[in-house]
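Student: A single structure is presented below for examination.
Derivation of every value follows stated rules applied to the coordinates shown; laboratory data play no part. As the structure is a prediction and not an experimental result, all values here were calculated from the model. Every residue, glycine as well, gets a Cβ built from its backbone with ideal geometry; the counts of neighbours run over all protein chains shown.
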Amino acid sequence: MNDIPSEIRPPVALSIRKPGDPYRHLPIRGVVAGWAREGARQNVDRQTRKYRGWDDFPSGLAGHQTVIFTIRARLLSGET
């Protein structure tokens, strides 16, 4: 994994929804702590098989690269 220097760690926010109930979610705020290319494509393909039933994710973009970001959470708002 490639570490990102603390002075340039970009802030991120995401929200994870509860399946079947779009009004309940878990908001997360933090910073990007690191990133990796190794294993990223395999992770996308694994998620595609699990949730879509496809063998692999069709990238379709020339020069497309997949990256996994590690987020250091600073705020978990609790399920709302």
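Student: Where Lys and Arg each count +1 and Asp and Glu each count -1, what net charge lies around ARG74 among other residues with Cβ under 13 Å from its Cβ?
Tutor: For residues surrounding ARG74, the net value is +3.
Student: Calculate, in nm to one decimal, what TRP35 and TYR51 gain on full extension: separation in residues at 0.36 nm each, minus their alpha carbon distance.
Tutor: 3.4 nm
Student: Say R0 is 22 Å: what FRET efficiency, to the nearest 0.05, do ILE16 and LEU61 get from their beta-carbon distance?
Tutor: About 0.25, to the nearest 0.05.
Student: Right, here's the next one. Can you list residues from other chains, or at least 5 along the same chain, whose modelled amide H is less than 5 Å from the amide H of PHE57?
Tutor: Result for PHE57 returns ASP45.
Student: Sort all Cα-Cα distances of region 2-76 into consecutive 5 angstrom bins from zero, then give the percent of pairs in each bin up to the one containing the longest distance.
Tutor: 3, 14, 15, 16, 21, 19, 9, 2, 0
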